[in-house]
Amino acid sequence: MRKDSVIANIADDLGLDNNHLSSRKLRIVSRSAERYFYVNMDNGNIYIKDRIDRETLCGAEASCFLTFDAVVENPFNNFNIKIDIQDINDNAPQFYHNSITLEIIELTSPGARFSLQNADDPDIGSNSVQTYKLSDNQYFTLTENIRTDGSKYPELVLEKPLDRERQGTHKLILTALDGGNPVRSGTTLLKIIVIDANDNGPIFTQNLYKVKLKESIPVNSTVIILNATDNDEGINAQITYSFIKISGNIHHTGIFSINPNTGEIKINGNLDVETRKNYELSVQAKDGGGLVAHCKVLLEVMDVNDNAPEISITSLSSPIPEDSVPGTMIALIEVHDQDSGDNADVDCQILEDVPFNLLSSNTYYRLVLSAAIDREKTSSYNISIIATDRGSPPLSSTRVLTLDVSDVNDNPPIFTKSTYVAYVPENNLPGASIFSIQASDPDTGDNARIIYSISSTVTETPSMTSYLSINIETGVLYAQRSFDYEQNKEFIIEVTASDNGSPSLSSNVTLFIHIVDQNDNAPKILFPSPGVGGSAVFEMVPFASEPGSLITKVVAVDADSGHNSWLSYHLIQMSDLTHFVISEYTGEIRTSRIFQERDILNYKVVVMVKDNGHPTLSATTTLSLIIADDFQQVVPKLSNNEKDDGTQRYLQFYLVVGLALISLLFIITVMVAIISKCKQPKPLPAFSSLTTNLYPPIDPRTFSMYSDGSLPLPYSYNMCVALDPTEGDFTYMNPIGNVPVENLIDAENTEQGTECLKETSSSAEQHYDALRSNTLELYLNIAASFAMKLKYESLPYAEECPKKYCICHLSYVENLVQEF
């Protein structure tokens, strides 16, 4: 039949409702029939799945059946169905050899018969070989004989004596015809060689031999020894044995072998009754003269218990829900043993102590649930099923069935604690994780997938979502913005963990979030409050204050808490640290000793207030402590002190510039003196009369400015220096009486100058030596006066020297320094 042809309607034959075929899982269960048939779930028809070859399935058996089980569930039942495979004439007769050679002695009498190889047709009944036909000739005819098993074989009959000399070879066509419709045929070439004298052919003791063998027979064992006799003598009596019919479905040359001299047949391979039960061997005996005889050997293989049962899982429901009720069918198991008889009877059982049972139904076993199961206790079962046959000795096989239990959402998420406490430092980074809450769910899959959320807040804080957020998958809590301990010291929230099952289960937990204070606020000084523009605050201290008297108290606060708000007070800058002390913990400023008349009356005190945090933060304030009983007493002194303070800032700068300038002038003077000495001396002119107008009068204002100096007053140094080398000669003037000695540059040199005026004839060299000596002493005096000027800040300007190139008076030097 063609593929997809309808064989029968199994639903009608079994009385099943076509509408319930799918729900009852109608199917064909068989080791061999499944490849040839299938069932349509819509109408219940059985269709041809693949081409069926009866000869392949059953060989030469008279009957051929394909057996399978039709299995339905809900409720479970199985039906054994047997399909008879009927033969059609789809195979033509076939000779194994394309040509057959016969040697016939020419003296053979007419009527002699010669057995020929029969043709093979895998079909049975009328479709098998029915007749043989020989091509037309004048020497031979064809007859047919029947063996005891009913098979036909042809015989060649000599009708007319042969004459080798006339025709040594005869070629005929032998045709085999079957009885099918249409008739099929097969041919072979029959080649007859005419030879001399051999008038007796071999004869077997039997035409048909039957032998029974156990499938466990060892290799190289003897199956049977054939015997054929020949009445001739010599070479014509020497018989050779061989297999002549070895078509694929009858005999495999690899399994059996025959000794050509003795006719002994041996087994070369292992037999398996499950693979093949019967073998047919065609044996030929040929003598030395070319005459042959044929016989058939039928071998039947006997079963032994050499196959263990085979366990196959036909249907399996895995995983099974953990809420399945007892009695639920889990699997359908087929047990098959390839042996036969008692060797094929099998018993099955479960080895472990598990909540499952096996229920037998012919060759099938149903695995059913016998008790309630819990996936959280046992998530899977390894069920060992052992099948044992009833052979001797019994054989068994084991199959381990792994059965998973699917989860049902029967467990809510569980927190490890009833409450959680988290400590978060203030000034945290926005978006940083601050805590992690973990819940566990003994279920699996979506039932164990936990979603976290903030369900409620106990703290009365508006818009909690602006402060906190939670990762719905990991339970990590994040700060949405930076916390400030001074604003919010604690958050109390309710966290809910819900699974993703259906229906969803959940549980709650309370989380206390304590904000930990950080030292982020510097101390704030409340008293004394800073003045306008950050100026110092004045405090009056009575001059007669006793040691330990309270002057004032610095009051400060810190917005932090705990250690961060512990404040300490320190004096970090004060003109004299011995007069006042401050309490480190109270901030009280007290006197440390009695004030004296020579003490400074105005003290500037810088107080630092620092906290105990890490890092330490601090604040400072400046106090101006005035030592006086009445504020009016210290106003002039305060203004003078302020002026002195401004002068001190420039003291060092003036001193350095002055020393540099004096050094420069000294170098220039030395150079001028050396140049003048190198020149030729000139006649000394007479001195003109000197008057007191040579030196400018001293400004009376200088006395008040120098009242506190260390040098005696008045001092006014005047000098005339010629900067032009051509004017480097000293001019002697005529003396004028009553010149005041105190106005000269150096009082100690007055007499020397008088002697120079009188002795006009002295040498020029003595004049230059005196000049250099006076000039050096003059520079020293100028330096002393300049230092005094820097100390007392200012000097009045003197009149400039009337003579060209002269530098007169210290105030003029100061002008040059400023221009420089």
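The values are calculated or read from the model by the stated rules, or taken from the named source; none is laboratory data. For clarity, every value in this text was computed on a predicted model and none was experimentally measured. Neighbour counts run over all protein chains shown; Cβ positions are idealised from the backbone, glycine included. All accessible areas refer to the heavy atoms of the entire protein, side chains included, with ligands and DNA or RNA removed. Shrake-Rupley method; radii C 1.70, N 1.55, O 1.52, S 1.80 Å.
Could you give the dipole magnitude of segment 306-380 about its Cα centre, charging the beta-carbon of Lys and Arg +1 and that of Asp and Glu -1, in debye to the nearest 20? Could the numbers behind the result be given before it?
Details: 3 positive and 14 negative charges, 87 e Å.
In total the dipole reaches around 420 debye.
Annotation: Y569 carries an accessible surface of approximately 20 Å², with a 1.4 Å probe and no ligand, DNA or RNA atoms counted. Taking the protein heavy atoms of segment 48-160 in the context of the full set of protein chains, the accessible area attributed to carbon and sulfur is 45 percent at 1.4 Å.
Exceeding 31 Å between C-alpha atoms, which entries from my cross-link table qualify? They are K377/K417; K152/K266; K171/K212.
Beyond 31 Å between Cα atoms: K171/K212.
Heavy-atom accessible area with a 1.4 Å probe sorts V72, V292, largest first, into V292, V72. Each of D163 and S456 was given a label point 7 Å from its Cα along the Cα-to-Cβ line. The distance between the two points is 13.3 nm.
For the residue pairs K25/K277; K489/K553; K82/K296; K49/K82, alpha carbon separations beyond 26 Å are given by K25/K277; K489/K553; K82/K296. Here S32 and Q206 are evaluated by their C-beta separation; at R0 = 35 Å the FRET efficiency comes out at 0.45. Computed from label points 7 Å out along Cα-Cβ, the spacing between H614 and K524 is 2.7 nm. For K277, what accessible surface area do you get with a 1.4 Å probe? Give it in Å², rounded to 10. The accessible area comes out at roughly 120 Å².
Taking a label point 7 Å from the Cα of K377 along the Cα→Cβ vector, which residues of segment 412-450 have an amide N closer than 18 Å to it? Backbone N within reach: 412, 442-444.
Each peptide among 495-504, 129-138 gets the average number of other Cβ atoms lying within 10 Å of its residues, and from highest to lowest they stand as 495-504, 129-138. When a 1.4 Å probe is rolled over the protein heavy atoms, the share of accessible surface on segment 481-625 that falls to carbon and sulfur comes to 53 percent. In this structure, D323 and S506 have a Cβ-Cβ separation that, at R0 = 22 Å, corresponds to a calculated FRET efficiency of about 0.60.
Specify whether the C-alpha gyration tensor of segment 417-516 places it in the rounded, prolate or oblate class, a ≥ b ≥ c being the square roots of the eigenvalues: rounded for a/c under 1.5, otherwise prolate if a/b is larger than b/c and oblate if not.
prolate
With each label modelled as a point 7 angstrom along the Cα→C-beta vector, the S469-S216 pair spans 7.9 nm.
Taking all protein chains together, M1, M329 sort by accessible area into M1, M329, largest first [probe 1.4 Å].
For E155, the accessible surface of its heavy atoms amounts to roughly 20 Å² (probe 1.4 Å, protein chains only, rounded to the nearest 10). What the Cβ-Cβ distance of Y423 and R449 gives, at R0 = 30 Å and to the nearest 0.05, is a FRET efficiency of 0.50.
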